[in-house]
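Okay, so here's the structure we're looking at.
The values are calculated or read from the model by the stated rules, or taken from the named source; none is laboratory data. Source: prediction; values computed, not measured. With ideal geometry, Cβ positions are generated from the backbone for all residues, glycine too; neighbour counts draw on all protein chains shown. To get the accessible areas, we keep the full protein, side chains included, count just its heavy atoms, and leave off ligands, DNA and RNA. Shrake-Rupley method; radii C 1.70, N 1.55, O 1.52, S 1.80 Å.
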Amino acid sequence: MDYIAWAIPFFVGLIAIEVAVACWLGRPYYRFNDAITDIGCGIGQQVVGLFFRTGLFLGYVYFYERFALIDFSNKPLAAWIVAFVGVDFLYYWWHRWSHRVNFLWAIHIVHHQSEEYNLAVALRQAWFSGLTAWVVYLPLAFLGIPPLVFVAMVSISTLYQFWIHTRLIGKLGWLEWIINTPSHHRVHHGRDPKYIDKNYGATLISWDRLFGTFQEEEEEPLYGTVKPYASWNSIWANFDYWAQLWQQARRAPYVWDKIRIWFMPPEWQPRGLQSPPPADSGERIRYETRVPLGLNGYIALQYAVLVPAMMWLMLNADSLRLSERVGAVSLILLTLLIWGGLFEKKYWALPLELGRLALIAAATLAYSWAEPAIWPLGAVTSVIVLLLAGWILRYRSLLMVSERRVVPLWGR
């Protein structure tokens with residue numbers, strides 16, 4: 001069972017509740033462009049993961065069936081207890097290494113790029129984090145944790161971490177000594193020097209207390225990364241730090257440093273290069289762009305359609321042909337790219353969006369032509385596409401003013 005897919009409606013509902021409560025309290029915890037980018041990162045992670053999640057599961061099964069040391073088949077309660085402790089313990093170390101090893105940080109950094117802190121940030125996940133976490137979790141296969149128990153426990157751990165991404169919940173008394181709470185995790189997302197690289201736990205905070213990485217929340221953290229990711233591009237978010245590392249490796253004077261940089265902590269610099277600025281403990285102007293309310297409404301409508309479509313794809317991906325899966329995922333990623341481009345008023349966003357609408361209309365008409373019983377679907381889709389094209393074209397003067405030479409398709 002895909003627990004994450006079935007949890008999507010609850011994620012959306014809880015985000016809506018948090019938005020409503022924050023507005024009622026007069027607290028500016030959300031920005032529309034930031035939240036949509038966060039969710040776009042999560043959508044990208046889930047759909048890209050469709051191409052390797054089965055392989056990862058079968059890999060776990062392979063090691064479990066051949067090398068398991070303990071037979072838990074007659075000890076289901078013990079299996080669940082060991083799986084809970086094992087997943088939580090190994091997650092702590094995977095998470096800690098993901099902050100202290102550059103090539104792992106290049107993947108994980110996506111989750112920390114937002115300068116806000118809310119439930120939408122919980123969905124801001126990196127495309128390839130599952131690949132690195134899988135390796136760290138492999139000892140559980142050797143130990144003998146059944147594959148279905150392992151998958152369920154990892155899903156439970158992931159679901160638990162959703163609720164701790166909020167500023168609406170304060171400290172929780174004695175629970176702060178045992179479990180990871182919103183207060184503890186706010187520290188983890190802080191860019192203040194004393195908060196950086198603290199509180200790695202998933203469900204339990206015990207590992208941080210035991211291994212010396214615990215930090216109490218003393219004042220509200222400043223959120224985001226030391227070097228801000230100034231973009232709403234949820235696709236490039238997964239490659240931005242890789243590009244930075246590559247540029248540093250190219251400029252490094254010494255061959256050994258060109259290799260070492262991928263395995264060193266993020267603050268390390270190759271010899272002969274200028275040292276990075278220290279962690280900023282002061283306020284800074286958050287990255288922001290503004291577009292008309294109608295354009296935000298257009299993107300919100302696309303989001304309302306895309307989320308259930310993604311949920312359907314996650315639940316039915318195994319029954320689709322590879323070409324159908326590739327086509328669906330490509331269309332979703334194109335949509336995410338266009339969202340960011342519209343927020344940033346990129347010159348290429350409008351023609352790409354018109355092309356995307358035309359592609360949707362053509363694909364639906366072709367499909368309905370082959371299935372006469374659904375001809376009305378093709379007709380209705382064509383009308384909707386025409387209406388959407390008219391809507392977005394109202395903003396053509398706004399979207400076509402960017403300088404092409406300084407606004408590349410990829411990057412910032």
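Some notes on this structure:
- Along its principal axes, region 162-272 has C-alpha extents of 52, 34, 22 angstrom, given from the largest down.
- Calculated FRET value between Phe84 and Leu168, using beta carbons and R₀ = 25 Å, to 0.05: 0.40
- Surface composition of region 77-173: carbon and sulfur atoms hold 81% of the protein heavy-atom accessible area at a 1.4 Å probe.
- Carbon-plus-sulfur accessible fraction, region 197-329 (probe radius 1.4 Å, protein heavy atoms only): 62%.
- Lysines whose Cα lies under 19 Å from that of Lys258, excluding same-chain neighbours fewer than 8 positions away: none
- Straight-line reach from Lys345: taking Cα to Cα under 16 Å and skipping same-chain neighbours fewer than 8 places apart, the aspartates and glutamates in range are Asp34, Glu288, Glu353, Glu403.
- Rounded to whole Hz, the Karplus (6.51, -1.76, 1.60) HN-Hα couplings of region 210-223, x for glycine and proline: 6, 9, x, 10, 8, 9, 5, 6, 9, 9, 4, x, 9, 9
- Placing R0 at 51 angstrom, the Cβ-Cβ distance between Leu315 and Gln269 gives a FRET efficiency of 0.65 after rounding to 0.05.
- Distances between placed amide hydrogens fall under 5 Å for Ile179 paired with Ile205, all partners being 5 or more residues away or on another chain.
- Mean separation of Cα pairs under 8 Å and 6 or more residues apart, divided by the residue count, gives the chain a relative contact order of 18 percent.
- Accessible area per residue in Å² at 1.4 Å probe, computed on the chain: 49 Å²
- Sequence-distant lysines (8 or more away, or on other chains) whose Cα lies within less than 23 Å of Lys346: Lys227
- The distance between label points at Leu77 and Val383 comes to 6.1 nm (points 7 Å beyond Cα on the Cα→Cβ vector).
- Size descriptor, Kirkwood hydrodynamic radius, that averages inverse alpha-carbon separations across region 101-247, Å: 16.4 Å
- Placing pseudo-labels 7 Å out from each Cα toward the beta carbon at Ser330 and Val21 gives an inter-label distance of 4.3 nm.
- Efficiency of FRET between Phe51 and Trp369 - r from beta-carbon atoms, R0 22 angstrom, step 0.05: 0.15
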